[in-house]
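Enquirer: Just passing along the structure, written as structure tokens.
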Amino acid sequence: MVSAEIHRVGSGEHPVIGLHGWFGSAQAWRPLRPHLDGATFSYAFPEYRGYGARRGVTGEYSIAEAASDVLAVADELGFSSFSLVGHSMGGSVMQRVYADAPERVRSMVGISPVPASGVPFDEQTWQLFAGAAADPGSRRAIVDFTTGNRLTGVWVDSVVAHSLEYSDQDAFDAYLRAWSSTDFHEEIDGSDVAVQVIVGEHDPALGEDTMRATFAEWYPRLEVEVMANAGHYAIDETPVALATCMERFLGQR
């Protein structure tokens, strides 16, 4: 990675690295950026191999590889210690970074985060997700489902369009298997790091119940926040409330 590929917001003393989700990219954080406190925090939003400015960059597209790349970003930016914010798949990458370099991580905020144990699927749901790399219709059904089938199709279509424009199909396909099946929760079980998870009230999969069955079992210092009027994409759905919630937590660390 080079600095030109990393989107930056703010110049505060508290470094924060934001990790995007499966359907995202560094650009997917745009709805949140105007509401971030750049005087207190210094945000960096990198991208995984195969996404955004790194489309065409090949690799194994694993959670471990993505975490290694994040640590390389931190080194390049001179972040000796930092906090992490991870959305969805980024929640798994975030925890892998912590597992690999716990002494460098000040705190973590997961936004509808994938647990360190992965995500189990029934056969019907797996077929839907597995077909998403090649089928925009499957991507649309996933976005609609994970936001409670309640939002305008114009927005749902925009999320699908973003994922098609900002990710390579082979990377998108491989990362599904990475975030859904990678299990390293035993490595972080009992960790003392401060963690906040923010979940949407309308997220049927990675909601409060899932967080209490996973994150709450592993992180004794966990705080769970349920975001009203949001599903899986609080960055888009409730950006002001999300920025307020996560920065209130980060500011205490």
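The values are calculated or read from the model by the stated rules, or taken from the named source; none is laboratory data. Since the structure is predicted, the reported quantities are computational estimates derived from the model, not experimental observations. Counting neighbours? That spans all protein chains shown, and the Cβs are built from the backbone with ideal geometry, glycine included. Side chains are part of the model used for accessible areas, which takes the heavy atoms of the whole protein and leaves out ligands, DNA and RNA. Shrake-Rupley method; radii C 1.70, N 1.55, O 1.52, S 1.80 Å.
Enquirer: What number of residues within segment 176-189 are surrounded by 20 or more Cβ atoms within 10 Å (Cβ to Cβ) and of a type in the set (Phe, Trp, Tyr)?
Expert: Total meeting the criteria: 1.
Enquirer: Mind checking which residues of segment 103-131 are part of a helix (DSSP H, G or I), of a type in the set (D, E, K, R) and more than 30 Å from residue 239 (Cβ to Cβ)?
Expert: 103, 123
Enquirer: Further, regarding this structure: In segment 31-40, which residues are surrounded by 15 or more Cβ atoms within 10 Å (Cβ to Cβ) and either small (Gly, Ala, Ser) or free of Cβ contacts under 8 Å to residues at least 40 places away in the same chain (or both)?
Expert: 33
Enquirer: Among the candidates 72, 39, 53, single out the residue that is of a type in the set (Gly, Ala, Ser) and closer than 21 Å to residue 246 by Cβ.
Expert: Going through 72, 39, 53 in turn, just one is of a type in the set (Gly, Ala, Ser) and closer than 21 Å to residue 246 by Cβ: 39.
Enquirer: Say we look at segment 212-229 and pick out the residues that are touching a residue at least 40 places away in the same chain (Cβ under 8 Å) and crowded, with 20+ Cβ neighbours inside 10 Å; which of these is nearest to residue 105 (Cα to Cα)?
Expert: The residue in question is 215.
Enquirer: Please note which helices (runs of 4 or more DSSP H) are completely contained in segment 143-253 and include at least 1 residues that are touching a helix residue (DSSP H, G or I) at 6+ places or on another chain (Cβ under 7 Å).
Expert: Of the helices (runs of 4 or more DSSP H) lying wholly inside segment 143-253, those with at least 1 residues that are touching a helix residue (DSSP H, G or I) at 6+ places or on another chain (Cβ under 7 Å) span 153-166, 169-181, 185-188, 215-218, 234-237, 239-250.
Enquirer: Let me ask another. Could you tell me which of the residues 70, 85 is in a helix (DSSP H, G or I) and within 23 Å of residue 233 (Cβ to Cβ)?
Expert: Step by step, each of 70, 85 is checked, and only 70 is in a helix (DSSP H, G or I) and within 23 Å of residue 233 (Cβ to Cβ).
Enquirer: Now for a separate question. Of a type outside the set (Gly, Ala, Ser), open to solvent by 10 Å² or more (accessible area, probe 1.4 Å), under 20 Å from residue 145 (Cβ atoms) and modelled with pLDDT of 95 or more, is that true of residue 123?
Expert: In short, yes.
Enquirer: Restricting the search to segment 70-90, which residues are out of contact with any Lys or Arg (no Cβ under 9 Å at 6 or more places or on another chain) and in contact (Cβ under 8 Å) with a residue 40 or more places away in the chain?
Expert: The answer is 72, 73, 76, 85, 86, 87, 88, 89, 90.
Enquirer: Contact list please: Cβ distance under 9 Å, first residue in segment 98-110 and closer than 15 Å to residue 79 by Cα and touching a residue at least 24 places away in the same chain (Cβ under 8 Å), second residue of a type in the set (Asp, Glu) and not in a strand (DSSP E or B), pairs at least six apart or on different chains.
Expert: Here the result reads 102/192, each pair linking segment 98-110 to a residue that is of a type in the set (Asp, Glu) and not in a strand (DSSP E or B).
Enquirer: Name the residue, out of 173, 203, 192, that is within 18 Å of the chain's Cα centre (by Cα) and open to solvent by 30 Å² or more (accessible area, probe 1.4 Å).
Expert: Criteria check complete, one pass: 173.
Enquirer: Might you let me know whether segment 21-32 holds any residue that is in contact with a Pro (Cβ under 9 Å, 6 or more places away or on another chain), assigned to a helix (DSSP H, G or I) and either hydroxyl-bearing (Ser, Thr, Tyr) or at pLDDT 95 or above (or both)?
Expert: Yes.
Enquirer: In addition: Look at segment 76-97 and say how many of its residues are crowded, with 22+ Cβ neighbours inside 10 Å and of a type in the set (Ser, Thr, Tyr).
Expert: 3
Enquirer: Out of (1) modelled with pLDDT of 95 or more; (2) open to solvent by 30 Å² or more (accessible area, probe 1.4 Å), the odd one out for residue 235 is which?
Expert: Among (1) modelled with pLDDT of 95 or more; (2) open to solvent by 30 Å² or more (accessible area, probe 1.4 Å), residue 235 violates only (2).
Enquirer: Ok, one more. Picking from 180, 138, 117, which residue would you name as being free of Cβ contacts under 8 Å to residues at least 12 places away in the same chain and of a type in the set (S, T, N, Q)?
Expert: Just one listed residue meets the conditions, 138.
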